[in-house]
Amino acid sequence: MHRCIFRFAELPWQCAARCMSSSSGKRSRVMQSSFPVLDLPLHPIQHHIYEANLRNSTACHKKCTELREKVKKGGGENAVTRHTQRNRKLLVRDRLRLLLDDEDFLELSPFAGLGLPYGDIPSAGCLTGIGRISGLWCVFIANDATVKGGTAYPITVKKQLRAQEIAIQNRLPCVYLVDSGGAFLPLQSEIFPDKNQGGRTFYNEAIMSAMKIPQVAVVCGSCTAGGAYIPTMAEEAVMVHRIGTIFLGGPPLVKAATGEEVTPEELGGARLHAEVSGCVDHFAWEEKEAFDYTKNIISTFNFQLPHEEEDSTRRKAAEEPLYASEELMGLAPRSYNYSLDAKMIVSRLTDGSRFQEFKALYGTTLISGFAKIHGHLVGIVANNGVLSYEAALKGSHFIQLCDQRDVPLIFLQNTAPSGALTLSTKQAEMNSNCLKAQGSMMAAVACASVPKITVVVGGSHGADSYAMCGRAFEPNFLFLWPNARVSVTAPGHVGALLPPDAEEEEEEEKLNRRLKEESSAFFSSGRMWDDGVILPQDTRKILKDCLEIIKQQHYQLSTKKSQSMLLRM
Ligand code: COA
């Protein structure tokens, strides 16, 4: 029994060790392949479906642009003026501009916090993402203090924890830009007590340190109450003079308790923490200097990245797909009935539109096979109809094959609107067999220790979505196209699931209306059931970034020593 528990506890370490076994750093030679080309232009007969999808995708694109503009405004004009003029601080996106090597970073869940029962919280009050610093992909978690002083709402906590989870799963260094008033007090019961709430951030910091996942904090605003533990638990902390403060209770609390008048600077400013308490390790006169320190700290993390030449050779060797990525807008189904051949999507994502199909003639409602994306070998699994018995068996086989060969998996999810009904004994037998095969596929997905990336290109409904590596199956990344629908059953298909009674029609209409609203990609992303809505035409580039990000752990040299906990003073 104990042995078993220990083995599970060891899993993340085993994964890391496995990745390290293919450790690079030395020059490597990429194996040549010439997979067959998927020559799948759009046929005239498909035009009306393509055009309808395109109209829907264009509307979705417009909504994405509107939401992007909305979240960029943060907490609004007054809060921005207070932040920049009165508090003399940089806006969070300007901070990232100073910290990151370039502006091309992968933002995670930008629409998180929109449309929640407690209001619209732009960016969930905290920007998270993955960008390069000193050449190294790092996760960043950066409070936006224009949103209610950067206080943590339940969705803020969820966003921070997901960013840490990504850092853990992909062994990415993590940088915290802290500027937060701590818990958003009116919602304290939803932030404080439970396992995956406030305290988990600090728990994760300790575990990450023990796993040798480096963490740096930059204190560029207030770190009050719980927020104070973020820099004190990070391995190295930088603090900015005058704008950075760390304390459990601020000057008003001191005045109330002791009657003493004290300035924030005297109580917990950068000088005090750099000279007296030792809570921070670097004192910066201003923000730019703090970010320069941070870049230098990151350059000490001891990664041996591949030679630039090697990277550029791989990039040059990668062929572009035969078809323009914009065509994916017309292949993104507005509803299940508007789905075209999944191989058309594959052919617009892979290098040279090439695809080495596996079991092409068996279980054809699931497509599986090998391809390259910007030179990275991947296994692709894509829905192309109902996940039948044969399709699920084929899925299990292919996933195990990729696991055995250490090939990352990409799931293109577009599942059927609802499960098959049991209306006869024959049907019951078929359904039971299908159940068994889908269970096997779920087990194969859950146990495959290779990286997994899921893109919901259409529907994500019912148990098929679990077998296709839905959120609960812990893909390294999960993105949605804006046309995607996420719900237990698709809108318009709820009727067959309702018990027959007199009010059925009214009830059905009500439920379908609700499903329509709740299944939208924006509803999902607002609640962080995914890592963000991405445009179909950006998918190839985002997959390339994710594959590079995942691969970076191979280049960390400092994991080789046995684990040790890092003790701060
Ligand atoms: N819970 C809920 N709302 C909070 C909050 C908190 N902990 N801290 C700040 N706010 C709100 C303010 O009411 C204000 O709301 P408004 O814009 O609707 O008026 C907004 O956040 C900005 O606060 P303000 O004090 O005007 O801005 P500031 O930039 O001068 O200061 C803080 C920001 C965070 C430093 C300051 O508000 C503060 O010290 N807050 C208390 C922190 C605290 O004690 N936290 C303990 C949590 S356990």
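Quick rundown of the values:
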quantity: Pairwise FRET efficiency - E275 versus E518, Cβ, R0 = 45 Å, nearest 0.05; calculated: 0.25
quantity: The range 376-477: relative contact order as a whole-number percent, Cα under 8 Å and 6+ apart; calculated: 35
quantity: Cα gyration tensor, the range 74-300 - rounded (a/c under 1.5), prolate or oblate; calculated: rounded
quantity: Relative contact order, percent, the range 248-359 [alpha-carbon distance under 8 Å, six or more residues apart]; calculated: 15
quantity: At R0 = 25 Å, FRET efficiency that the Cβ-Cβ distance of V262 and W285 yields, to 0.05; calculated: 0.65
quantity: Karplus-derived 3J(HN,Hα), 6.51/-1.76/1.60, for each residue of the range 473-479, Hz, glycine and proline x; calculated: 9, 6, x, 4, 9, 9, 10
quantity: C-alpha long axis of helix 308-317 to longest principal axis of the chain, angle in °; calculated: 20
quantity: Highest average packing first - 271-282, 457-468, 515-526, Cβ atoms within 10 Å; calculated: 457-468, 515-526, 271-282
quantity: With Cα atoms, 0 to 90° folded angle of helix 198-210 axis to the chain main axis; calculated: 90
quantity: Tensor-based shape of the chain (alpha-carbon gyration tensor, a/c under 1.5 rounded, otherwise prolate or oblate); calculated: prolate
quantity: Proximal lysines relative to K541, as straight alpha-carbon distance under 19 Å, when same-chain residues fewer than 8 apart are discounted; calculated: K316, K343, K372, K452, K551
quantity: Residues M31 and E69, FRET efficiency given R0 of 45 Å [Cβ-Cβ distance, rounded to 0.05]; calculated: 0.50
quantity: Contour excess over end-to-end distance, with Cα ends at E51 and L435 and 0.36 nm allotted per residue; calculated: 134.6 nm
quantity: The chain: relative contact order in percent, alpha carbon pairs under 8 Å with at least 6 residues between; calculated: 15
quantity: Highest to lowest packing among 119-128, 171-180, 77-86, scored as the average C-beta count within 10 Å; calculated: 171-180, 119-128, 77-86
quantity: Highest-first arrangement of 223-231, 161-169, where packing means the average Cβ count within 10 Å; calculated: 223-231, 161-169
quantity: Set of lysines near K255 by C-alpha distance (under 30 Å), chain-local residues within fewer than 8 positions excluded; calculated: K89, K148
quantity: Charge dipole magnitude, Cβ of K and R +1, D and E -1 - the chain, Cα centre, debye nearest 20; calculated: 1100
quantity: Helix-only mean residue ellipticity at 222 nm for the chain, each DSSP H run of n ≥ 4 adding -39500 (n - 2.57), per residue, nearest 500; calculated: -12000 deg cm²/dmol
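Laboratory data are not the source of any read-out in this text; all were calculated from the coordinates shown. Bear in mind the structure is a predicted one, so any value in this text is a computation, not a measurement. Every residue, glycine as well, gets a Cβ built from its backbone with ideal geometry; the counts of neighbours run over all protein chains shown.
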